[in-house]
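A short write-up of the structure that comes next.
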Amino acid sequence: MSSKSKASDVDIASFCSVTGASYKDAKKFLEKHKRLDAAVDAYYSNPNSFATSTKLQTSAPSTSKINASFDEYKDPDSEDIMINGTIKLCEDLEKDPEDVVLLAVAYELKAPEIGRWTRKGWVDGWKANGCDSLPAMQNAVARFGHQLSTDPAYFRKVYLYTFDLGRTDGARSLAMETAQAFWSLLIPHGLKGGALSHISSTDSDDDVDMNGAEGWRPEYTDWWFEFLNEKGGKGVSKDTWSMFLDFMRSIDTKFEKYDMEAAWPSTIDYFVEFAKERLASSRA
């Protein structure tokens, strides 16, 4: 971790898991000592050097406390938490509203749309994650971010939920601009931690390519967007959204092992032709 960078969610989650410290204390130790191992050593040497909060919550979460926290953010003219409350929530969680981890939070709390949270989803979601206080919520959000980056099964759940989260009422597809914004958040995060690691076989074992030689590359995301924009479509269907995740995890770097006879959406078929032409021109 660079001395100029902030503590990452991955390191914070790891620090909290190892030490049992709170989100705020983990962040302070990591920002001072830069490396995870050095921060953990410093914590065990003097755990009270940044003593501002308690350790992770171990008792059963209080439903009344979770309801009270919902009321802190709830819109006065609505039964739900809306945009203004969401902005305040992000400030309290110390997260940018456009941080990808908010998609995981939306999945966990079953938000019906971006920037809107229901009481039932809020209470059930935080209770299931053992949270009834802001420090506990901060710890959980750090854990969500780590899991979203490293766990393919969890990434899939959040990814699929995001489609419905971003649709407007009554729409069957996701607006192209919205889909690309979500992909811009999710794909780099999944590639960074391994949640989008290449599957080298399609059998039930899901063998993962650990050396990173195969699979989706960051520049392919730019090609995908360029292709979609040239194609001129207005939206992304649920079928394309869902199967594109499998495509990213299964395709080889040269797009040579793609099966045109398989049941892929035609949009992906045409993109493979586009990508092969792009690869050929780069080698020319």
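The values are calculated or read from the model by the stated rules, or taken from the named source; none is laboratory data. What you see is a predicted model, and the numbers here were worked out from it, not measured in a lab. Reconstructed Cβ throughout: ideal geometry from the backbone, glycine too, with neighbour counts over all protein chains shown. Heavy atoms of the whole protein, side chains included, go into the accessibility calculation; ligands, DNA and RNA do not. Shrake-Rupley method; radii C 1.70, N 1.55, O 1.52, S 1.80 Å.
Looking at 95, 127, 110, just one residue is at pLDDT 95 or above, assigned to a helix (DSSP H, G or I) and either open to solvent by 20 Å² or more (accessible area, probe 1.4 Å) or charged (D, E, K, R) (or both), and that residue is 127.
One residue alone among 153, 136, 171 is assigned to a helix (DSSP H, G or I), open to solvent by less than 50 Å² (accessible area, probe 1.4 Å) and either without any contact (Cβ under 8 Å) to a residue 40 or more places away in the chain or among the small types (Gly, Ala, Ser) (or both), and that residue is 136.
Exactly one residue among 13, 21 is under 30 Å from residue 112 (Cβ atoms), at pLDDT below 85 and either crowded, with 16+ Cβ neighbours inside 10 Å or within 25 Å of the chain's Cα centre (by Cα) (or both), and that residue is 13.
Go through the stretch 258-284 and give me each residue that's small (Gly, Ala, Ser) and either within 18 Å of residue 231 (Cβ to Cβ) or open to solvent by 80 Å² or more (accessible area, probe 1.4 Å) (or both). Matches in the stretch 258-284: 263, 266, 275, 282, 284. Residue 146 meets the conditions (1) touching a residue at least 40 places away in the same chain (Cβ under 8 Å); (2) farther than 14 Å from residue 189 by Cβ; (3) open to solvent by 50 Å² or more (accessible area, probe 1.4 Å) in every case but one. The failed one is (2). Per the listing 88, 32, 65, the residue uniquely at pLDDT 85 or above, closer than 30 Å to residue 179 by Cβ, over 18 Å from the mean Cα position of the chain (by Cα) and assigned to a helix (DSSP H, G or I) is 88.
Within the stretch 240-257, is there a residue that is modelled with pLDDT of 95 or more, of a type in the set (S, T, N, Q), open to solvent by 20 Å² or more (accessible area, probe 1.4 Å) and out of contact with any helix residue (DSSP H, G or I) (no Cβ under 7 Å at 6 or more places or on another chain)? No: zero hits. Annotation: of all residues in the stretch 156-167 being of a type outside the set (Phe, Trp, Tyr) and touching a strand residue (DSSP E or B) at 6+ places or on another chain (Cβ under 7 Å), the one that is surrounded by the fewest Cβ atoms within 10 Å (Cβ to Cβ) is 167.
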